[in-house]
Amino acid sequence: GSGSSGVKLIKTRLDVAIVRAKHFRLSFTRILKLVQRYFVLTRDEHLNYRTYHGTYKRHIAQDYIPNLDHDFKVLVFGKKYFILKRNVKKGSFKASGSGDFEFDITPPIEVLDFAEDIFCFLNEPFASLDIAHTEKGCFLIEYQVFNFGPKTVIGSSYYYQKDGDNWIATHNDNDLETHFADSLSHFVKSNPLTPY
């Protein structure tokens, strides 16, 4: 969920049990439907139904990165990289949802290079990348290629573009529609359709 809703830090077996009980259990209604379908469906149909409507949920498990006091939100629109530093709220372990943002920063070159590598791999017109930067390198925490907020683009005074081996800061005119159009144009030119 947005703003890190649903993100939990697991330290003990009890933490696992609490998350499992809260998020991975069948509702009373679902149990009734399973029982009812047991008498109506064939054995194979019921097995498929039970599997589809089981207690598993889509989730992501990640290794914890200790001692982070911030991460970076990088929005990439074609060749433009917009950076937001998100500080971890006191008493929390996550920067997402903290509301403690720094827009006009000089980002580490390693973060920009890492974002470029990820973005080229994704081969999309735009992306939102959450990146942790530590002494051991950069780590991708999360990404989206659609359905992400434009706060980083709108709030940043600058964006960064690669020029050879260097990253150049360029003044941001905060025109979101132009950034979308430019990134789509760049994507189409970089990925021409081949005729059958």
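Considering the options SER183, LEU26, PRO150, tell which one lies farthest towards the positive end of the dipole of the chain, charges being +1 on Lys and Arg and -1 on Asp and Glu at the Cβ, about the Cα centre.
Most positive-ward Cα: LEU26.
Rank ASP165, ASP69, ASP104 by mean-square fluctuation in a GNM of the chain with C-alpha springs under 10 angstrom and give only the top-ranked residue.
Between ASP165, ASP69, ASP104, it is ASP165 that shows the largest mean-square fluctuation.
Exactly which trypsin sites (Lys or Arg not before Pro) in region 57-89 are in a DSSP loop and have at most 11 other Cβ atoms within 10 Å?
Numbers: sites: LYS57, ARG58, LYS73, LYS79, LYS80, LYS85, ARG86, LYS89; in loops: LYS57, ARG58, LYS79, LYS89.
Here the trypsin sites (Lys or Arg not before Pro) that fit, given the DSSP loop and packing criteria, are LYS57, ARG58.
Would you work out which of CYS120, HIS46, ALA17 lies farthest towards the positive end of the dipole of the chain, given +1 charges on the beta-carbon of Lys and Arg and -1 on that of Asp and Glu, about the Cα centre?
Most positive-ward Cα: HIS46.
Can you give the relative contact order of the chain as a percent, counting alpha carbon pairs under 8 Å and 6+ residues apart?
Working: 241 pairs, mean separation 36.1, N = 196.
Dividing the mean separation by the residue count of the chain yields 18 percent.
Multiply the residue gap between HIS23 and ALA181 by 0.36 nm, knock off their C-alpha separation, and tell me the result in nm, one decimal place. Walk me through the intermediate numbers first.
Numbers: separation 158, 0.36 × 158 = 56.88 nm, distance 4.00 nm.
Stretched fully, the HIS23-ALA181 segment lengthens by 52.9 nm.
Mind listing the phi-derived Karplus ³J(HN,Hα) values for region 161-176, rounded to whole Hz, using 6.51, -1.76 and 1.60 with θ = phi - 60°, and x for any glycine or proline?
10, 7, 10, x, 9, 10, 9, 10, 7, 10, 4, 8, 7, 6, 9, 4
Any chance you could check the Cα centroid distance between region 105-157 and region 17-57 for me, in angstrom?
Distance between centres, Cα-based: 39 Å.
Residue by residue through region 18-26, which ³J(HN,Hα) values in whole Hz follow from phi under the Karplus form 6.51 cos²θ - 1.76 cosθ + 1.60 (θ = phi - 60°), with glycine and proline marked x?
Rounded to whole hertz, the list is 5, 5, 4, 5, 7, 10, 10, 10, 7.
Which value in deg cm²/dmol, rounded to the nearest 500, describes the helix-derived mean residue ellipticity at 222 nm for the chain, given -39,500 (n - 2.57) per DSSP H run of n ≥ 4 and division by the residue count?
-10500 deg cm²/dmol
What ³J(HN,Hα) values, in whole Hz, does the Karplus curve 6.51 cos²θ - 1.76 cosθ + 1.60 give for region 43-48 when θ = phi - 60°, with x put for Gly and Pro?
Each residue of region 43-48 in turn: 4, 5, 5, 5, 4, 4 Hz.
Explain nothing, just the number: relative contact order of region 122-196, from Cα pairs under 8 Å at least 6 residues apart, as a whole percent. Write out the running numbers ahead of the final one.
Values: 66 pairs, mean separation 17.6, N = 75.
Relative contact order of region 122-196: 24 percent.
Given +1 on the Cβ of Lys and Arg, -1 on the Cβ of Asp and Glu, and no further charges, what dipole in debye does the chain carry about its Cα centre, rounded to the nearest 20? Could you put the intermediate results ahead of the total?
On the way: 25 positive and 23 negative charges, 360 e Å.
Dipole of the chain, to the nearest 20 debye: 1720 debye.
Cross-link candidates for LYS22: which lysines have Cα within less than 27 Å, leaving aside residues fewer than 8 places away along the same chain?
Qualifying lysines at Cα under 27 Å: LYS8, LYS11, LYS33, LYS57, LYS89, LYS90, LYS94.
How big is the dipole moment of region 128-196 about its Cα centre under a simple scheme where the beta carbon of each Lys and Arg is +1, that of each Asp and Glu is -1, and everything else is neutral? Debye, nearest 20, please. Please report the intermediate quantities before stating the final value.
Numbers: 4 positive and 9 negative charges, 32 e Å.
In debye, rounded to 20, region 128-196 gives about 160.
For the pair THR42/LEU193, report the inter-label distance in nm, with labels modelled 7 Å from Cα in the Cβ direction.
4.3 nm
Where is the GNM fluctuation largest for the chain (alpha-carbon springs, 10 angstrom cutoff): ASN123, ASN48, ASN166?
ASN48
Taken together, the values in this text are just the output of simple stated rules run on the coordinates, not laboratory data. Not measured: the values here are computed from a predicted model. In this analysis, Cβ positions are derived from the backbone assuming ideal geometry, glycine residues included, and neighbour counts consider all displayed protein chains.
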